[in-house]
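The values are calculated or read from the model by the stated rules, or taken from the named source; none is laboratory data. Keep in mind that this is a model prediction, so the values were computed, not measured. Cβ placement follows ideal geometry from the backbone for every residue including glycine, while neighbour counts extend to all protein chains displayed. With ligands, DNA and RNA removed, areas are computed over all heavy atoms of the protein, side chains included. Shrake-Rupley method; radii C 1.70, N 1.55, O 1.52, S 1.80 Å.
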Amino acid sequence: DDRSRSPPQKQGIEEMKKLLIHGWGYDTSAARAKTYAEWAMGTKWTSDEIEGLEWDSVPLGTGKFRLFESWAKGYIKPPLSTACYRRAWDNCKEAADTAKHLIKHYDGEVHIVAHSLGTRVARLILEDEFVNFKGRVVLLHGSDYVGPWLHICNIRPNTLILNVRSEHDQVLKLLGQHFGPNGFNEDVVGLHGIGEVHPFSRFFEIPPNV
């Protein structure tokens, strides 16, 4: 009798304790996402400790993000040096939607670890007031802008956010800050941090060598 069957259970948080959001230059391969995590954080992760968010941040590569398609969508325009990054920047929105779906379908806490351009994905997740986010957030050398993260501190004052940054990060200085849509006109979180935050915020800066 179908009426005697137990209702389907929500998947437990044991399956996803940490959600790693990689930065620019990776495709949708889960295996690569995990390798990226180990490289970015200098540690090994077991399969039950991490889930790599699979999203396309290498838009001029093979597959559906080939060069012609990027040109057709208007991404191939001066300066050409920033073309693939511009499309990856926009792809963050779709990646955030995917992550929000994952978070909504897990019980308990999901902790986000975001590296480089992945910090923009993390921020788009937290901006959604309908996401009941209960975990912690670690930003690693983020290339997202400071202003939006100040907004996150105001709307999510109870969320613990650790910002690992370094003003000596040459990649962010030369590429990450320049390639974003605002260029050098706005600071990124991974270089100098976000400055003064809401007095009740739980946003903490982690400078180098700490």
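Which condition does L162 not pass, out of (1) crowded, with 20+ Cβ neighbours inside 10 Å; (2) in contact with a strand residue (DSSP E or B) (Cβ under 6 Å, 6 or more places away or on another chain); (3) at pLDDT below 95, if it passes all the others?
(1) is the only condition that L162 fails.
If E129 satisfies all but one of (1) in a loop (DSSP other than H, G, I, E, B); (2) open to solvent by less than 10 Å² (accessible area, probe 1.4 Å), what's the number of the condition it fails?
(2)
If you go through region 154-189, how many residues are among the hydroxyl-bearing types (S, T, Y) and over 16 Å from S116 (Cα atoms)?
1
Taking E109, is it at pLDDT 95 or above and open to solvent by 30 Å² or more (accessible area, probe 1.4 Å)? Before you say what the answer is, go through the steps one by one.
Numbers: at pLDDT 95 or above: no; open to solvent by 30 Å² or more (accessible area, probe 1.4 Å): yes.
For E109, the condition - at pLDDT 95 or above and open to solvent by 30 Å² or more (accessible area, probe 1.4 Å) - is not met.
Only one residue in H115, H192, H141 is open to solvent by 80 Å² or more (accessible area, probe 1.4 Å) and either of a type in the set (V, I, T) or touching a residue at least 24 places away in the same chain (Cβ under 8 Å) (or both), so which one is that?
H192
For region 91-126, which positions are within 14 Å of the chain's Cα centre (by Cα) and either assigned to a loop (DSSP other than H, G, I, E, B) or acidic (D, E) (or both)?
Result: E94, D97, V110, S116, L117.
Rundown of residues vs (1) farther than 13 Å from I194 by Cβ; (2) of a type outside the set (K, R); (3) part of a loop (DSSP other than H, G, I, E, B), yes/no style:
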residue: G142; (1), (2), (3): no, yes, yes
residue: G147; (1), (2), (3): no, yes, no
residue: L150; (1), (2), (3): no, yes, no
residue: C153; (1), (2), (3): no, yes, no
residue: N158; (1), (2), (3): yes, yes, yes
residue: H168; (1), (2), (3): yes, yes, yes
residue: K173; (1), (2), (3): yes, no, no
residue: H178; (1), (2), (3): yes, yes, no
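Looking only at region 153-174, count every residue that is in contact with a Phe, Trp or Tyr (Cβ under 8 Å, 6 or more places away or on another chain) and of a type in the set (A, V, I, L, M) and tell me the total.
3
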